[in-house]
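The structure appears right after this line, and notes come after that.
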Amino acid sequence: MSIASGLRGRHLTRRLVQLYVGLTLYGASSALLVRSGLGLEPWNVLHQGLAEKTGLSIGVVSIVVGAMVLLLWLPIRQRPGLGTVSNVFVIGLAMDGTLALVPDVHGLAGQVPLLVLGIVLNGVATGLYIAARFGPGPRDGLMTGLHRLTGRSIRLVRTAIEVVVVATGFLLGGSVGVGTVLYALAIGPLAQFFLRWFALPEPDSTGAAPASGTVPGGATAASGPAPAGATPGPGGPVLTPGPDSVPSSVATGTPEGAILRP
């Protein structure tokens, strides 16, 4: 995907709104995790550690690191989309803006709700910007690029990157805590749920549906009358999403789909 290639097709206005609302909420949710003081998501552990050492704001560090990671796409032949470039700048700016508005919170009675709100809001934001289909963020693209280059599983590549990132950030003074663990456990299911919630109509939704079997994204095609509230496809079958399915345009052959897979 090139930066210009995503700027066409149906639902463009909605996709752009989803992209920038999602990225803004992502930065805001990360700021809430900072204010909770109970631990950050992996990359922000690194960003916070670097901010402590450099004196820069965590948002500015996020922008700088994102730009540097984007440079690593060159040797692994990844192609950025509009969402990739926007991710670098919008999240960092939104994070610093939110930190300027939200004061420090002391005591578990305030910290725990802020942590939970930050994690849930991060899941909402992830679903929004991924469903917009403008390309992965620079860090996610690095992960999927290395997966393609090395042949190693997404799970292994993602774990290896995040262990290195968290360990480096922790040594630099970044915040690792129960929030880091809770985020790691919760963000996958949350992102997948909200991705389905914000999914746009499929680009090929007017095409013929498979007669039977499994369709991309974990949905199954079943013949027979449509259940209440369901819409039969042009060929008659009804697509029934599986419990772990994501939209086929995201789930099949895209970095975004790989991100949501174990």
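General observations
- Rolling a 1.4 Å probe across the protein heavy atoms gives segment 115-179 an accessible surface of 42 Å² per residue.
- What the Cα convex hull of segment 48-180 gives, in volume per residue, is 125 Å³.
- Mean-position separation - Cα centroids, segment 7-72 and segment 89-147, in angstrom: 6 Å
- Over segment 80-143, volume per residue of the alpha carbon convex hull, in Å³: 94 Å³
- As an equivalent ellipsoid, segment 1-121 spans semi-axes of 28, 19, 11 angstrom, where each value is the square root of five times an eigenvalue of the C-alpha gyration tensor, largest first.
- Take each peptide in 122-130, 63-71, 33-41, count the other Cβ atoms within 10 Å of every residue, and average; sorted highest first, the result is 122-130, 33-41, 63-71.
- The packing ranking of peptides 143-152, 173-182, highest mean first, is 173-182, 143-152, where packing means the average number of other beta carbon atoms within 10 angstrom of each residue.
The values are calculated or read from the model by the stated rules, or taken from the named source; none is laboratory data. Bear in mind the structure is a predicted one, so any value in this text is a computation, not a measurement. All Cβ positions, even for glycine, are placed from backbone atoms using ideal geometry, and neighbour counts span all protein chains on display. Only protein heavy atoms, including side chains, enter the accessible area calculation; ligands, DNA and RNA are left aside. Shrake-Rupley method; radii C 1.70, N 1.55, O 1.52, S 1.80 Å.
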